[in-house]
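Peer 1: Take this structure first; my questions come after.
The values are calculated or read from the model by the stated rules, or taken from the named source; none is laboratory data. Remember, predicted model here, so these are calculated numbers, not experimental data. Note: ideal-geometry Cβ built from the backbone for every residue, glycine included; neighbour counts use all protein chains shown. SASA here: full protein model, heavy atoms, side chains in, ligands and nucleic acids out. Shrake-Rupley method; radii C 1.70, N 1.55, O 1.52, S 1.80 Å.
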Amino acid sequence: MMRDTKDSPSYSWRSYSWRYIHTALFVTGILTFGFLDAVTAALMMEKFGAGAEFNPLMRVLFLTQGMAGFITFKVLAAVLILSVPFLLYKREGMHWTTAGFLSVFAVSGAVAAMNNYIFLMSGQVGIGPGIAVVLFLLMVAVALQIGEVMDSPQENGFKISDERWAELKLELGYPEV
């Protein structure tokens, strides 16, 4: 697989398309992880009380700042958290890692919003908060690991010379054909 360099003809097109993908995932993450999760959590706390929220910081924030302050804080926090890949991965070649990180937040926000909505409508917890947090952390770790593998430069062929390969076969007692 050829690595994009500033001199390759496909460099600008690929970087440009990654910018669109990252921007779409960033906006989706803000909408799901920030806005939808915040709105459904605020409605849930309004209906069932602040004790319905798993996060004690968010409970206090809702009680002291109200619904508008709570939603504003969640959206701003999502913007700051999702800006991290753009600050950390400025160098070229971290496209998959950034996309994976942003995707996890977009998916997790959607799951959290749906879970809040289920609780809001039925009073039943869909996915326990502890399980949701563990799954989120696991997804982040897996996405970052896969992204790092996908972003690493790929080389064709063996990394050892033919002479070294012959030496290794002799050392291991591999029969000559």
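Peer 1: Do you know which of the residues in segment 1-42 that are modelled with pLDDT of 90 or more and of a type in the set (G, A, S) is farthest from H95 (Cα to Cα)?
Peer 2: Once the filter is applied, the top-ranked residue is A42.
Peer 1: Still on this structure: Given the conditions (1) open to solvent by 30 Å² or more (accessible area, probe 1.4 Å); (2) farther than 30 Å from S152 by Cα; (3) part of a helix (DSSP H, G or I); (4) touching a helix residue (DSSP H, G or I) at 6+ places or on another chain (Cβ under 7 Å), which single one is not true for D37?
Peer 2: Result: D37 fails condition (1) only.
Peer 1: In contact (Cβ under 8 Å) with a residue 24 or more places away in the chain and exposed (fewer than 15 other Cβ atoms within 10 Å of the Cβ): is that true of K74 in this structure? Quick ask: steps written out before the conclusion?
Peer 2: On the way: in contact (Cβ under 8 Å) with a residue 24 or more places away in the chain: yes; exposed (fewer than 15 other Cβ atoms within 10 Å of the Cβ): no.
Spelling it out, it is not the case that K74 is in contact (Cβ under 8 Å) with a residue 24 or more places away in the chain and exposed (fewer than 15 other Cβ atoms within 10 Å of the Cβ).
Peer 1: Next question, about the same structure. Need the failing condition index for A141 against (1) over 17 Å from H22 (Cα atoms); (2) open to solvent by 80 Å² or more (accessible area, probe 1.4 Å); (3) free of Cβ contacts under 8 Å to residues at least 12 places away in the same chain, just the number.
Peer 2: (2)
Peer 1: On the given criteria, is I118 hydrophobic (A, V, I, L, M, F, W, C), open to solvent by 60 Å² or more (accessible area, probe 1.4 Å), closer than 22 Å to G100 by Cβ and modelled with pLDDT of 85 or more?
Peer 2: Values: hydrophobic (A, V, I, L, M, F, W, C): yes; open to solvent by 60 Å² or more (accessible area, probe 1.4 Å): yes; closer than 22 Å to G100 by Cβ: no; modelled with pLDDT of 85 or more: yes.
Answer is no for this residue.
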